[in-house]
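Written out below as structure tokens is the structure these notes cover.
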Amino acid sequence: MRAFRSLCIAIVLFSLAGCDQLASMAGPSELVSFGYVRPVSCERRGPISYNCVMRNYLNGLREANMECAGFDTQGRMVGSSKRVHALWGTTMQPSEERIATVFYEEGAATLVCVDVRDSIPPYSRMRELVSDPKAKDITSVLSL
């Protein structure tokens with residue numbers, strides 16, 4: 001009985017240690033978005049995802065095929081891009097908002113999302129576009 005009790009205590013302590021690690025996981029500090037479907041706000045959903053309110057800023061219908069990728073602090077892509085399933089192959093009305101879950105890989109410091117498939121720019125190009133005043137209608141940076 002004493003061994004069983006010790007085993008149970010060890011399991012509980014191990015589980016709590018895992019919870020602490022998940023709760024303290026940093027995650028990305030910003031979400032950079034390109035296109036007409038961009039985030040209004042995001043809320044952490046779990047250790048590797050955010051629920052984001054995404055809005056169509058185009059004054060017309062917009063077919064979205066959104067993908068997101070994470071980049072580390074050195075500008076290297078972490079893992080591969082991931083589809084945003086709630087915004088894949090969907091047509092949005094002007095000003096329509098939808099809640100979408102955005103997943104990222106552990107170690108990502110910046111999330112980059114685009115509403116056109118296969119068009120995530122390299123990190124250096126992304127930073128150029130964000131600072132380009134001519135691109136302000138199709139770019140946004142949201143602190144997470």
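The values are calculated or read from the model by the stated rules, or taken from the named source; none is laboratory data. Source: prediction; values computed, not measured. As a convention, Cβ positions derive from the backbone with ideal geometry for all residues, glycine included, and neighbour counts pool all protein chains shown. We work out accessible area using only protein heavy atoms, side chains counted, and drop any ligands, DNA or RNA first. Shrake-Rupley method; radii C 1.70, N 1.55, O 1.52, S 1.80 Å.
Points to keep in mind about this one:
- Verdict on Leu87 being open to solvent by less than 40 Å² (accessible area, probe 1.4 Å), in a strand (DSSP E or B) and within 25 Å of Ala26 (Cβ to Cβ): no
- Verdict on Ser81 being among the polar types (S, T, N, Q) and in contact with a Ser or Thr (Cβ under 7 Å, 6 or more places away or on another chain): no
- Some residue of segment 108-122 being more than 17 Å from the chain's Cα centre (by Cα) and farther than 20 Å from Asn56 by Cβ: no
- The residue pairs whose first member lies in segment 128-142 and is within 15 Å of Val40 (Cβ to Cβ), whose second member is among the basic types (Lys, Arg), and whose beta carbons are closer than 9 Å, counting only pairs six or more residues apart or on different chains, are Thr139/Arg38; Ser140/Arg38; Leu142/Arg38.
- The set of residues in segment 94-106 that are touching a strand residue (DSSP E or B) at 6+ places or on another chain (Cβ under 6 Å), under 16 Å from Arg44 (Cβ atoms) and assigned to a loop (DSSP other than H, G, I, E, B) comprises Tyr104, Glu105.
- Screening the candidates Ser140, Ser124, Ser80 for the property of being of a type in the set (Ser, Thr, Tyr), part of a strand (DSSP E or B) and open to solvent by 60 Å² or more (accessible area, probe 1.4 Å) yields one hit, Ser80.
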